[in-house]
Amino acid sequence: MAMRASERRARLGRGLRLTLVTVVAALVVGLTAGTSDAAKLFVTLDSGGGGGFRSFGPVLRYDISGPDSAPTLDAAIVHPSFDGPCCVAFDESGALFVSNTGNSLVPGAGSITRIFGAGDLAQIIGPFTSPQLNGPYQAAFKNGELFVAQGGASNVVRFRFDPNENPMFTGVITAGLCCHAPRGIAISPWGELFVSLCCGVNKILRFRFDASGQAVPNGEITDPELSDPNGMTFSPWGELFVANSTISPDAKDIYFITRYRFGAAARGHRLVARGTLTAPNLIAPSYLAFSPWDELFVGNGPEDAKVSRFTFDAAHNATFNGAFPMLNGVAGVAFAPSTAENHPPDCSHVFLDRPRPWPPDHRLVAVTATGASDPDPGDAATLAINAVTQDEPVEDQGDSTTPDAILTRPHTNHASIRVERSDFGDGRIYTLHYTATDTRGARCRGTATVSVPLEQGGPAAQPPYLSTAQP
């Protein structure tokens, strides 16, 4: 018989033996003191009882310090905004986002709860709602923008946040998405968006981003081993891992994690099948996450409510590393970003691919900045050109073409520069101002120049003018 929601919550409270304490707007149940050097694992429990009842949390926080360490339940987060909490994701600053699926059959249902300072459970802000939210599941961040796979709306919705942390709807991705099936989402190390479609659709769609930041379909994965794919994540070495929530389609009666690696190709990346992971306690896996020490944690369904663990050798061969129990099936897992010292990116080797375009025929040409790096292991830097200035007026004698530069929206490492200069000067110098941001928000800034000489000699620097200006 299906357990009522109130009975499940009562059982959960008895099982954890919790004492309620109030932290800002949240109910946080303290269990242990926690260790400052331990990683923080966050686990969301699903309803587990069937019968159409939705879960209302909690989100559990564990301390764990390595592959030989057993997890210690540190705290449980309970909040009135939790309504079918599913997947958990962290932004670049370390804020935790919890997707509340709500009643995905109702347009506009669903919300997202934000927890700032999640490692210390400092403050809960939420939920935020939007007419575009409808059954949100897994979320991911790219350059500060939030992408959410939605089963209710059959799309991926996008948001940015203003300086006051207010969400701003920035668009929706619908190409190829259907059937209330979007469940998982992941951003590849090279910036491509992957979206899993479960529920009999059994495919993964790929999207690249053009110069204006719009998502463009870039193929799909239709591997016959995919069986209701849900959560996805990329490993620190660049492989895609996919949780399949139903048994193998070849009637082997087993559950598995599908993995793929990608080889470099002339355009984008090429898919290469890598195999699957199985284990005795891998049952109806839903979502998954890598730890700071590169161990894979997989949340399983209510049939055998556990979190499974896999370690990897130097060749990235997987070994099952046991499982630890949950009171209900798992709807989401995520590790908080490391609190280790984060060094800023290095901008000293940034260069432009077209530093001296020719001939000066007034056309706009694309210029790309590359070469930013980050000194922290596993970290990466993303470049963005955010301003262009020049040493000649934008509109002068014999020059009526404006603007002289165009930036992408949102800013990327591409800009368009007009190849022209005054016939009465010594050539034109464009100065491109850029910022490199690492995955934890640290930045470096710099400039690089593009020259349009009068003839073959180099132009002289003069007071700058804003190239993107228009009369």
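Listed values, structure above:
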{"item": "Odd one out for THR389, checked against (1) over 27 Å from GLN214 (Cα atoms); (2) surrounded by 17 or more Cβ atoms within 10 Å (Cβ to Cβ)", "result": "(1)"}
{"item": "Filter result (within 21 Å of PRO224 (Cβ to Cβ), surrounded by fewer than 18 Cβ atoms within 10 Å (Cβ to Cβ) and not charged (D, E, K, R)) within region 183-203", "result": "CYS199, GLY200"}
{"item": "Selected residue (criterion: farthest from LEU296 (Cα to Cα)) from residues of region 81-105 that are in a loop (DSSP other than H, G, I, E, B) and among the hydrophobic types (A, V, I, L, M, F, W, C)", "result": "LEU105"}
{"item": "Matching residues, region 217-246, being among the small types (Gly, Ala, Ser) and either modelled with pLDDT under 90 or in contact with an Asp or Glu (Cβ under 8 Å, 6 or more places away or on another chain) (or both)", "result": "SER227, SER235, GLY238, SER245"}
{"item": "Members of region 348-403 that are of a type in the set (A, V, I, L, M), at pLDDT 90 or above and more than 27 Å from the chain's Cα centre (by Cα)", "result": "LEU352, LEU364, VAL365, ALA366, VAL388"}
{"item": "Counted residues, region 34-80 - those being part of a loop (DSSP other than H, G, I, E, B), modelled with pLDDT of 70 or more and touching a helix residue (DSSP H, G or I) at 6+ places or on another chain (Cβ under 6 Å)", "result": "0"}
{"item": "Residue match in region 299-309 (condition: among the hydrophobic types (A, V, I, L, M, F, W, C), at pLDDT 80 or above and either under 21 Å from the mean Cα position of the chain (by Cα) or over 17 Å from LEU226 (Cα atoms) (or both))", "result": "yes"}
{"item": "Residue check for ALA372: farther than 18 Å from HIS433 by Cα, in contact (Cβ under 8 Å) with a residue 40 or more places away in the chain and crowded, with 20+ Cβ neighbours inside 10 Å", "result": "no"}
{"item": "Matching residues in region 329-362 - criterion: being under 24 Å from THR447 (Cβ atoms), in contact with a Lys or Arg (Cβ under 8 Å, 6 or more places away or on another chain) and buried (at least 20 other Cβ atoms within 10 Å of the Cβ)", "result": "PRO345, CYS347"}
{"item": "Hits in region 375-397 (condition: over 23 Å from THR439 (Cβ atoms), in contact with a Ser or Thr (Cβ under 7 Å, 6 or more places away or on another chain) and not polar (S, T, N, Q))", "result": "VAL388, GLU392, VAL394, GLU395, ASP396"}
{"item": "Among the candidates ALA279, ALA284, ALA323, residue that is modelled with pLDDT of 80 or more, over 30 Å from ASP438 (Cβ atoms), assigned to a loop (DSSP other than H, G, I, E, B) and in contact with a strand residue (DSSP E or B) (Cβ under 6 Å, 6 or more places away or on another chain)", "result": "ALA279"}
{"item": "Pick from region 292-328, criterion farther than 27 Å from PHE56 by Cβ and among the acidic types (Asp, Glu), ranking: surrounded by the fewest Cβ atoms within 10 Å (Cβ to Cβ)", "result": "ASP313"}
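The values are calculated or read from the model by the stated rules, or taken from the named source; none is laboratory data. Keep in mind it's a predicted model, so treat the numbers as computed, not measured. When we count neighbours, we look across all protein chains shown, and the Cβ atoms used for this are built from the backbone with ideal geometry, even at glycine.
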